[in-house]
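Each value in this text was obtained by applying a stated rule to the coordinates, not by laboratory testing. Everything quoted here is computed from the prediction, not taken from an experiment. Methodologically, a virtual Cβ is constructed for each residue, glycine included, from the backbone with ideal geometry; neighbour enumeration extends over all protein chains shown.
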């Protein structure tokens, strides 16, 4: 069984997106690279048996979260709601937490209920790879996640101006109603991830072998840098 995720600490998350990432996990001391492993189930549809075998054969101390991302928020293979739901329910017994988009609240209601019944946690997320939403729009997403009872609200957006980052940092610092995970993508992706971690972002994403979003740090380097701040 995975270990509970401690949302009171600043953690580094490393996505597993392919078999190369999975093989890499077998070669390293995971704790040097990340605090949490994310299974990107939408990109692993051809490797589900290997993922299951890895999780059942290895007694990992590292917490695991599962994501089957919506196609309009960066998901692979254009999976429909039914396929994504099946993935979540298949892997729920093997993971500690799930990440579902706020846009998918209704269609993933069964998954969320099953996760709660299993005593596991729910991350509700919003991704915009193309633009920087207004502060009001971002605050609305946070309010929506709170209303839905999320354990964490994750906001991942394109950032191309320092002024936008400067406006978002106080939100990350001051929000006391819910745990926030905030990160930028694009031109200010890398510096924003350090700034948000310093401001209290509880989940901060790096990569194991290859970046799967613009502006990511290698997970090991990100973990080291966050440890310094």
Notebook entry, point to check: Could you list, bin by bin from short to long, the percent of Cα-Cα pairs of the stretch 1-122 in 5 Å steps?
Noted result: 2, 11, 23, 25, 21, 13, 5, 0
Item checked: Fluctuation leader among 200, 119, 74 - the chain, Gaussian network, Cα springs under 10 angstrom -> 119
Check: Out of 43, 140, 163, any idea which swings most in a Gaussian network model of the chain, alpha carbons joined below 10 Å?
Finding: 163
Check: Taking neighbour Cβ counts within 10 Å as the exposure measure, how do 224, 33, 158 sort from fewest upward?
Finding: 224, 158, 33
Next item on the list: Note the listed values (i) 12.0; (ii) 11.1; (iii) 18.0, then indicate which one is mean projected area of the Cα convex hull in nm² calculated from this particular structure.
Entry: (ii)
Item checked: In nm, spacing of pseudo-spin labels at residue 117 and residue 76 (7 Å Cα→C-beta vector) -> 3.0
Check: In units of 2.2 N^0.38 Å, what is the alpha-carbon radius of gyration of the stretch 79-213?
Finding: 1.07
Margin query: Taking the beta-carbon count within 10 Å as an exposure proxy, list 147, 101, 86 from fewest neighbours to most.
Written below: 147, 86, 101
Next item on the list: Rank the residues 220, 120, 59 as a footprinting-exposure proxy: fewest other Cβ atoms within 10 Å of their Cβ go first.
Entry: 59, 220, 120
Next item on the list: Considering Cα pairs under 8 angstrom that are at least six residues apart, work out the relative contact order of the chain and quote it in whole percent.
Entry: 21
Checklist line | Gaussian network model of the chain, springs between alpha carbon atoms under 10 Å - residue of 29, 40, 69 with greatest fluctuation | finding: 29
